[in-house]
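Notes to accompany the following structure.
The values are calculated or read from the model by the stated rules, or taken from the named source; none is laboratory data. In this text the structure is predicted, and so the values were computed from the model without any measurement. Cβ sites come from the backbone with ideal geometry, for glycine too, and all protein chains shown count toward neighbours. Accessible surface areas use protein heavy atoms only, side chains included; no ligands, DNA or RNA. Shrake-Rupley method; radii C 1.70, N 1.55, O 1.52, S 1.80 Å.
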Amino acid sequence: MSASTETNVEKPKAKAYKGRLSVPPNVSNADEDDVPLMETFGVIPRTFDKKDYLEVEYVELFKQQHERNKREHHTDRYFNNKLIVRRGQSFKIRIDFNRPYNPEKDQFWVEYVIGRYPQQSKGTYIPIPIVEQLEVGKWGAQITHKDYTSVTLSILSSPSCIIGKFRMYIAVLTPHGILRTPRKSETDTYILFNPWCKEDAVYMDDEQEREEYVMNDSGVIFHGDVSNIKKRSWGYGQFDEQILDACLFLMDKAQLDLSGRGNPIKISRIGSAVINGKDDDGVIAGNWNSDYTYGVAPSAWTGSVEILLEYYSSKMSVKYGQCWVFAGVFTTFLRCLGIPARLVTNYFSAHDKDANVQNDVYLDEDGKPNTKLTKDSIWNYHCWNEAWMTRPDLPVGFGGWQAVDSTPQENSDGMYRCGPASVQAIKHGHVCFQFDTPFLFAEVNSDIVYYKVMKDGTREVQYIDKTHVGQKLLTKEIGGDGPLDITDLYKFSEGTEEERLALEAALMYGVKKEFQEEAQFLSAFDTTMEFQEEDAIFGSDFKVTLTFKNQSSNHYTLSTSLVGNVVFYTGVLKAEFKNKTIQVALAPSSTKTVDVQIKAGEYMSNIAEQAALHFFVTARINETKKIMAKQKIVVLLVPKLRLTTTGEKIVGKEMTAVVEFTNPLKKKLQNVTLRMAGPRIMENKTQTYK
């Protein structure tokens, strides 16, 4: 038998917090410290008996769905059995004591505590005094009714208090100390933002807008092409079971200090970071390469609930998402916490990689695109969010809708996030206002500047397209599923003096503007080039037409290059499928058209998920050496789904859903996966047809 040995293992020392860090960071709503049931004022006499003093026997929170607290606070739709109230608005509770309350000798108050290390100065410990009259803007409790041993209180919360899940205690003062009720999860209380309260930073004065942007738990997301706008349904599910806890967990995950959780600016900013999993293991892992082997294809998701619950359970990024998935989940997060939010789609959205508020395209001396130098791109469409709030950190007039984007595109202050940026500031080119306003301005109103790059590395501006970017911005209309055009909220009409002044203002605020002086010496073209395509059906041949017009009295010859690429909807090229050179002779004051046939066999082998083709056409005028350029994205038409139901449409009875579509290909489809969900009707179901 071997002799036992004892090993002395040195225990790690607790981290010492000194100076500014004398108290550890308080970044978790879920963590909590024990609150003493009795705080003594000194030595307790042996004759002290708790039963001699007022004692709480029961606390009634009126927290059922049909009761007044949840109805008046618009929280009766949350699938949650706890009390949920909105800040800045009074609510009722009833306290049952062991004997009648005598205000002349009894003193009690209500306490709310959140997180660890509660401090009154941080708003994490809130003692609520009993007052004669409630005062707007301050915490207070007023006795509204007494019935023998029961007291009914009307409690008014501060309109700027922390958002989260609070623990409730009732404290009773005695000569020898403070007695408290024990910790009971049944009295936990959620406090949310309040768009119905004028003093709240997210106040919205229109009831129809509140119903749409806070209470609506389903919607549509617009996508496709500006000339062929499509929409997909999305279930936000902000009131579903466990979603509120999942959204509070996201703030814990983002390490947002509890003291900052009453500020919608901070919450929307950290939300834009934690929704994506780019650098902080956030909710959704992005994927734009069409390989979804280890997850779910972005286009297969039908709502936010499944994604949020999976993340809340696993604490691992859910695979996979693209811009509309990030924006859909972000909408759920904001609306769940009470911040009015909507989802926006921008058609021809610029991605400005080098922060110069323009989209740079480089061509070689022959006018062909230089893909090595060209880093900026144009997304066919891009989705982000708007959140409604005041902006006390900005000059007056820049509150209201704030653009926030959770799709990981560029790094902002060390993390992949974007916003909140005032939509009003974006429109007027005030890109000096935080946060990330230059990037968002470029997405909707940047010019596309075409450079010719010489062999010695010098660059010349050839052409500036001032109208291609940000052609249309849409959100869902209030009370319906149609589009609401909000382009004029982001930019002035193209070509107007106001629109150019906004761009000049953006360029003035410290961004690069080396092309400006050179661009003003560009002479006007006396030739034009147009690009048109006939209906392009997925899996079929189609035709594109180039139209050249000579408005001068000169003879011109044009060396024209047409390059076609399969492209992701983000504007990133996947594979080239067409490269054609065309020589065009133009007589004075003449027009000439050239048809180019596009064969299905050319593009089908590399087609990406959203079936988009990018055409880049350049034409060099040999006599003047000038270069004209056009780029166009063609979204192939795919079959529409037809959804019908059979059977009785009665609650509690089964019915059958029938999904139909027409196969556009000349071959049998295999491994077709169908995903279906119905908010408050059915959970997500997936079925694969071999």
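Of all residues in the range 353-374, those satisfying the criterion of being open to solvent by 10 Å² or more (accessible area, probe 1.4 Å), touching a residue at least 40 places away in the same chain (Cβ under 8 Å) and in a loop (DSSP other than H, G, I, E, B) are LYS353, ASP354, ALA355, ASP364, GLU365, ASP366, LYS368, ASN370, THR371, LEU373.
Whenever a residue of the range 375-392 is in contact (Cβ under 8 Å) with a residue 40 or more places away in the chain and outside any strand (DSSP E or B), its partners that are open to solvent by 10 Å² or more (accessible area, probe 1.4 Å) and of a type in the set (Ser, Thr, Tyr), lying with C-beta atoms within less than 9 angstrom and at least six residues away or across chains, give the pairs THR390/TYR203. Pairing each residue of the range 253-267 that is in contact (Cβ under 8 Å) with a residue 60 or more places away in the chain with any residue that is outside any loop (DSSP other than H, G, I, E, B) and open to solvent by 50 Å² or more (accessible area, probe 1.4 Å), provided the two are 6+ apart or on different chains, yields C-beta distances under 8 Å for LEU256/LYS266; LEU258/LYS122; SER259/LYS122. When the criteria are applied in full, ASP291 fails the requirement of being at pLDDT below 95, surrounded by fewer than 20 Cβ atoms within 10 Å (Cβ to Cβ) and under 17 Å from the mean Cα position of the chain (by Cα).
If you take the residues of the range 199-226 that are assigned to a loop (DSSP other than H, G, I, E, B) and hydrophobic (A, V, I, L, M, F, W, C), which of them is farthest from ILE633 (Cα to Cα)? Applying the filter and picking the extreme gives ALA201. Of the strands (runs of 3 or more DSSP E) that lie entirely inside the range 142-192, those containing 1 or more residues that are more than 30 Å from the chain's Cα centre (by Cα) and closer than 24 Å to PRO36 by Cβ span 150-156, 164-174, 177-180. Consider the range 614-645 and keep the residues that are in a strand (DSSP E or B) and of a type in the set (S, T, N, Q). The one that is nearest to the chain's Cα centre (by Cα) is GLN631. For SER304, the test of being modelled with pLDDT of 95 or more, out of contact with any Ser or Thr (no Cβ under 9 Å at 6 or more places or on another chain) and more than 30 Å from ASP393 (Cα to Cα) is failed.
Of these, ILE426, ILE448, which one is open to solvent by less than 10 Å² (accessible area, probe 1.4 Å) and either closer than 25 Å to ASN216 by Cβ or in contact with a Ser or Thr (Cβ under 8 Å, 6 or more places away or on another chain) (or both)? Unique residue meeting the criteria: ILE426. Going by the conditions given, is ASN194 under 19 Å from ASN385 (Cβ atoms) and either modelled with pLDDT of 95 or more or in contact with a His (Cβ under 8 Å, 6 or more places away or on another chain) (or both)? No: the conditions fail for ASN194.
Name every residue in the range 393-404 that is in a strand (DSSP E or B) and either surrounded by 20 or more Cβ atoms within 10 Å (Cβ to Cβ) or of a type in the set (Phe, Trp, Tyr) (or both), in order of residue number. Within the range 393-404, TRP401, GLN402, ALA403, VAL404 qualify. Can you confirm whether the range 662-683 contains a residue that is more than 34 Å from the chain's Cα centre (by Cα), in contact (Cβ under 8 Å) with a residue 12 or more places away in the chain and over 27 Å from ILE537 (Cβ atoms)? The answer is no; no qualifying residue exists.
Could you run through the range 168-187 and say how many residues are open to solvent by less than 10 Å² (accessible area, probe 1.4 Å), within 15 Å of ILE126 (Cβ to Cβ) and touching a Phe, Trp or Tyr at 6+ places or on another chain (Cβ under 7 Å)? Selection size over the range 168-187: 3. For beta carbons closer than 6 Å, sequence separation of 6+ or different chains, a first residue in the range 124-152 that is surrounded by fewer than 15 Cβ atoms within 10 Å (Cβ to Cβ) and a second that is of a type in the set (Ser, Thr, Tyr), the qualifying pairs are THR144/THR152; THR144/SER154; HIS145/THR152. For the range 21-131, the strands (runs of 3 or more DSSP E) that sit wholly inside it and include 2 or more residues that are within 14 Å of TYR169 (Cβ to Cβ) and β-branched (Val, Ile, Thr) are 56-60, 90-97, 108-113, 125-128.
The set of residues in the range 262-276 that are surrounded by 22 or more Cβ atoms within 10 Å (Cβ to Cβ) and in a loop (DSSP other than H, G, I, E, B) contains only ILE275.
Of the residues that make up the range 314-322, is at least one assigned to a helix (DSSP H, G or I), closer than 21 Å to GLY678 by Cβ, open to solvent by 30 Å² or more (accessible area, probe 1.4 Å) and hydroxyl-bearing (Ser, Thr, Tyr)? Taking every residue of the range 314-322 in turn, none turns out to be assigned to a helix (DSSP H, G or I), closer than 21 Å to GLY678 by Cβ, open to solvent by 30 Å² or more (accessible area, probe 1.4 Å) and hydroxyl-bearing (Ser, Thr, Tyr). Going by the structure shown, is ASP279 crowded, with 22+ Cβ neighbours inside 10 Å and assigned to a loop (DSSP other than H, G, I, E, B)? So ASP279 fails the test.
The set of residues from the range 282-309 being assigned to a loop (DSSP other than H, G, I, E, B), under 29 Å from SER422 (Cα atoms) and hydrophobic (A, V, I, L, M, F, W, C) comprises VAL283, TRP288.
Scanning the range 194-218 for residues that are small (Gly, Ala, Ser) and surrounded by fewer than 20 Cβ atoms within 10 Å (Cβ to Cβ) returns a single hit, SER218. For first residues located in the range 408-431 and without any contact (Cβ under 8 Å) to a residue 60 or more places away in the chain, partners that are assigned to a strand (DSSP E or B) and of a type in the set (S, T, N, Q) and lie 6+ apart or on another chain with Cβ distances below 7 Å form the pairs ALA421/GLN402; SER422/GLN402.
When residues in the range 477-489 are screened for being open to solvent by less than 20 Å² (accessible area, probe 1.4 Å) and in contact (Cβ under 8 Å) with a residue 60 or more places away in the chain, 1 of them pass. Counted as qualifying within the range 518-613 are the strands (runs of 3 or more DSSP E) with 1 or more residues that are more than 25 Å from ASN370 (Cβ to Cβ), of a type in the set (Val, Ile, Thr) and open to solvent by 50 Å² or more (accessible area, probe 1.4 Å), namely 591-598.
To keep it simple, each residue is scored yes or no on (1) in a strand (DSSP E or B); (2) within 17 Å of the chain's Cα centre (by Cα).
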| site | (1), (2) |
| --- | --- |
| PRO420 | yes, yes |
| GLN424 | no, no |
| LYS427 | no, no |
| VAL431 | no, no |
| PHE439 | no, yes |
| TYR451 | yes, no |
| LYS455 | no, no |
| GLU460 | yes, no |
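Examine the range 635-647 for a residue that is modelled with pLDDT of 85 or more and of a type in the set (Lys, Arg), and state whether such a residue exists. Checked against the condition, which is being modelled with pLDDT of 85 or more and of a type in the set (Lys, Arg), the range 635-647 yields at least one hit.
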